[in-house]
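Since the structure comes first, as structure tokens, the remarks are kept for the end.
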Amino acid sequence: MSGRWFTVKETVLVTGGAGYIGSHTAVALSERGYRIVIVDDLSNGSPVAVDVIRRLTDTDVAFHEADLTDTGALDRIFATEGISAVLHFAGLKAVGESVALPLRYYQVNLGSTMSLLEAMDRHDVRQLVFSSSATVYGDPETVPISETAPTGATNPYGRSKLIIEDILRDVAASDDRWQFCLLRYFNPVGAHASGDLGEDPAGIPNNLVPFVMQVAVGRRPEVQVFGTDYDTPDGTGVRDYIHVVDLADGHLAALEALEPGCEAFNLGTGTGASVLEVIDATSLVSGREVPYTVVERRPGDIAVSLADPTRANDRLGWRADRSLETMLHDSWNWQSKHPMGFEDYED
Ligand code: UFG
């Protein structure tokens, strides 16, 4: 990494910066000396998260509550904030919901990205790091998955990510002033070490770790394990969980490595854990038994997802090294300190 934080304080626009990954990345960037401007419509993020970012970093992070399709608001932000690069997290992300509401997913995810790119073009800002997902690999033929593996979507959410990746490639090819990184996240979990910033899903959590944490803290009676008949060592699904703070550092590395063109990077650890391993490890770190029952497979789930993170290791000089135990310890720290998430937050 270049270490340029000592000399230059650039301003970075963080879309979706009040959400889970965006807020942790805003903290990491701010700690490196970047000035942060957050734009978030708060449809799935919390204004409390912005306050926590300010407190943790002791900086006056700028916050604009706006929808990215509001071109007037975007123009005002770009005209007044002196932005030099964008980290684009904003978007809808629930797989099941996307199957039920495809029009909404395409409208929001594609529409907001198009609006953002057009505003960037108008204001001569041409550096962007995009939140993509390992979901672009669909059901992988082999694991670990490298960036050259075939892509394919199995639901509208994943397809919206793939289409945006294609759009960014086309834009980069049209004009070599554009610099894009596509970051394909595996399974982000964990929380800030303070326990004051973490994942706070609206409604019933779709993802395993937030669900397990809510069971451990007593908000839900038991975890449902979606199938024990996969071709994996214990029959349950295996995923490449990555600590959200490692993921945040990956964005910093990507931002500092941006160059003309459009490059994809896997952000994962390369190590897998099964559903039962996650449940057992959570019982250990929390000191609470996490009850579970086995139910049918969840439609669309795959047996194993594992990153080959070599490209990011080599080209970004980045590596995710926090262990599963640290991830679950930090998730538990957040969940036990704030059982209802940001809703009942007292600092
Ligand atoms: N699981 C359960 N019970 C639950 C929730 C999940 O057993 O209540 C299992 C799943 O079957 C899977 C594993 O736990 O084996 C992980 O499931 P998650 O929902 O936490 O994560 P996914 O890998 O299914 O989904 C993640 C992201 C998606 C993304 C997808 C593919 O949340 O946004 O990876 O990259 F599309």
* To do: Collect the residues in segment 131-170 that are surrounded by fewer than 19 Cβ atoms within 10 Å (Cβ to Cβ), away from the ligand (no atom under 13 Å from the Cβ) and either assigned to a loop (DSSP other than H, G, I, E, B) or without any contact (Cβ under 8 Å) to a residue 60 or more places away in the chain (or both), keeping them in residue-number order.
  => Glu141, Thr142, Ser146, Thr148, Pro150, Ile163, Asp166, Ile167, Asp170
* To do: Could you tell me which residue of segment 203-236 is nearest to the ligand (Cβ to nearest atom), considering only residues that are touching a helix residue (DSSP H, G or I) at 6+ places or on another chain (Cβ under 9 Å) and small (Gly, Ala, Ser)?
  => Gly227
* **Filtered residues of segment 52-72 (kept if crowded, with 17+ Cβ neighbours inside 10 Å and either among the hydroxyl-bearing types (Ser, Thr, Tyr) or at pLDDT below 95 (or both))** => Thr59
* **Every pair of residues 6+ apart whose Cβ atoms lie under 8 Å, when the first sits in segment 235-254 and is without any contact (Cβ under 8 Å) to a residue 40 or more places away in the chain while the second is surrounded by fewer than 24 Cβ atoms within 10 Å (Cβ to Cβ)** => Gly235/Gly227; Gly235/Thr228; Gly235/Asp229
* Among Asp330, Asp280, Asp321, which is the only one that is out of contact with any Cys (no Cβ under 7 Å at 6 or more places or on another chain) and crowded, with 22+ Cβ neighbours inside 10 Å? -> Asp330
* Asked: Based on what the data block shows, is Asp176 part of a loop (DSSP other than H, G, I, E, B) and under 26 Å from Arg315 (Cβ atoms)?
  -> yes
* Asked: What residue, of Asp200, Asp176, Asp234, Asp166, is closer than 23 Å to Ser274 by Cβ and of a type in the set (D, E, K, R)?
  -> Asp234
* State whether the residues of segment 291-311 include one that is within 17 Å of the chain's Cα centre (by Cα), over 19 Å from Tyr20 (Cβ atoms) and not small (Gly, Ala, Ser). => yes
* Would you pick out the residues in segment 284-302 that are away from the ligand (no atom under 13 Å from the Cβ) and buried (at least 17 other Cβ atoms within 10 Å of the Cβ)? -> Val285, Ser286
* To do: Taking the options Asp249, Asp240, name whichever one is within 11 Å of the ligand (Cβ to nearest atom), touching a helix residue (DSSP H, G or I) at 6+ places or on another chain (Cβ under 9 Å) and among the acidic types (Asp, Glu).
  => Asp240
* Asked: How many residues does segment 303-318 contain that are assigned to a loop (DSSP other than H, G, I, E, B) and either at pLDDT below 95 or crowded, with 21+ Cβ neighbours inside 10 Å (or both)?
  -> 5
* Structure fact -> All conditions in (1) more than 14 Å from the ligand (Cβ to nearest atom); (2) touching a helix residue (DSSP H, G or I) at 6+ places or on another chain (Cβ under 6 Å); (3) in a helix (DSSP H, G or I) are true of Asp121 except (2)
* List the pairs whose first member sits in segment 264-279 and is in a strand (DSSP E or B) and within 10 Å of the ligand (Cβ to nearest atom), whose second member is at pLDDT 95 or above and among the hydrophobic types (A, V, I, L, M, F, W, C), and whose Cβ atoms are under 8 Å apart, counting only residues at least 6 apart or on separate chains? -> Ala273/Val238; Ala273/Ala281; Ala273/Leu324; Ser274/Val238
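The values are calculated or read from the model by the stated rules, or taken from the named source; none is laboratory data. Values in this document were obtained by computation on a predicted structure and should not be read as measured data. FYI the Cβ positions are ideal-geometry reconstructions off the backbone, even for glycines, and counts take in every protein chain you see.
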